[in-house]
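Worksheet: one structure, shown below.
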There are 2 protein chains.
Amino acid sequence: MTSATMIPITDVSACCTNVTRESISAENAELLARSLKALADPARLRLISMVAASEGAEACVCDLTEPLGLSQPTVSHHLKVLVEAGYLEREKRGTWAYYRLTPGSLDAVSSLLRTV
Amino acid sequence: MTSATMIPITDVSACCTNVTRESISAENAELLARSLKALADPARLRLISMVAASEGAEACVCDLTEPLGLSQPTVSHHLKVLVEAGYLEREKRGTWAYYRLTPGSLDAVSSLLRTV
């Protein structure tokens, strides 16, 4: 039973709203909010975008720090948040870590938003 | 000139990434992050969803408080954030405030995400 179906609609006075479909569940709202929080930062959006704009949708960490104008530890923190949220995948090759866009991850959150 | 075109690609050693298209500008990343921040909260996602699920995509504030299990001032705060971010429109009619989904607002942010 979702929150929408729990709205008391026995009072039919002018104040009350009729519900026409189910609204998002508390659990799904929690999950979607967590995914959105990971994205809701200008530096993280730019990092995702820079990775997506790179050849093969993959970028070396060595190329991501300078354009942002942030310190290397700050960029590493943002990249970690994006990996943990499932937007980026990280692979160490030799000296450098490479970041790749997780296929479909942005589309998934974008589609979920349309169903809210 | 965007951040992507500012990536130094003169060093062609194995570490470096080739850029294939422009990435999001710092200004647009800032704006999109602000829109996403307003959405990145479970209570606010549920409020939007409850309004969208109501007849005529409009709901009375009197029906929104109870299902969330939050205090009325907390719900009012969340509704204010959503109005300020442009997701909801507020109209006072008689005793009650009514909230309506701003047409296209969720679609807009969802489409923007696909262009990051």
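The values are calculated or read from the model by the stated rules, or taken from the named source; none is laboratory data. Bear in mind the structure is a predicted one, so any value in this text is a computation, not a measurement. Positions of Cβ are backbone-derived with ideal geometry, glycine not excepted, and every protein chain shown enters the neighbour counts. Heavy atoms of the whole protein, side chains included, go into the accessibility calculation; ligands, DNA and RNA do not. Shrake-Rupley method; radii C 1.70, N 1.55, O 1.52, S 1.80 Å.
Can you name the condition, by its number, that B:R21 falls short on among (1) in a strand (DSSP E or B); (2) open to solvent by 10 Å² or more (accessible area, probe 1.4 Å)?
(1)
Could you figure out which of (1) of a type in the set (D, E); (2) open to solvent by less than 20 Å² (accessible area, probe 1.4 Å); (3) touching a residue at least 40 places away in the same chain (Cβ under 8 Å) isn't true of A:E58?
(2)
Report whether or not B:E55 is facing another protein chain (nearest Cβ under 7 Å), closer than 22 Å to B:Y98 by Cα and modelled with pLDDT under 90.
Values: facing another protein chain (nearest Cβ under 7 Å): yes; closer than 22 Å to B:Y98 by Cα: yes; modelled with pLDDT under 90: yes.
Answer is yes for this residue.
Within region B:101-113, take every residue that is surrounded by fewer than 17 Cβ atoms within 10 Å (Cβ to Cβ) and in contact with a Ser or Thr (Cβ under 9 Å, 6 or more places away or on another chain) and give me the one that is farthest from A:V19 (Cα to Cα).
B:S111
Residues of region B:61-82 being open to solvent by 30 Å² or more (accessible area, probe 1.4 Å) and under 25 Å from B:R114 (Cα atoms), which ones?
Residue satisfying the conditions is B:V81 alone.
Please specify each residue of region A:16-36 satisfying the condition of being touching a residue at least 40 places away in the same chain (Cβ under 8 Å), at the interface with chain B (Cβ under 7 Å from one of its Cβ atoms) and under 14 Å from B:L36 (Cα atoms).
Listed by number, the residues that qualify are A:L32, A:L36.
Quick check on my filter: what residues within region A:65-116 are among the polar types (S, T, N, Q), within 13 Å of chain B (Cβ to nearest Cβ) and assigned to a helix (DSSP H, G or I)?
A:T65, A:S105, A:S110, A:S111
Could you check region B:83-97 and list, in sequence order, the residues that are among the aromatic types (F, W, Y) and open to solvent by 30 Å² or more (accessible area, probe 1.4 Å)?
Result: B:W96, single match.
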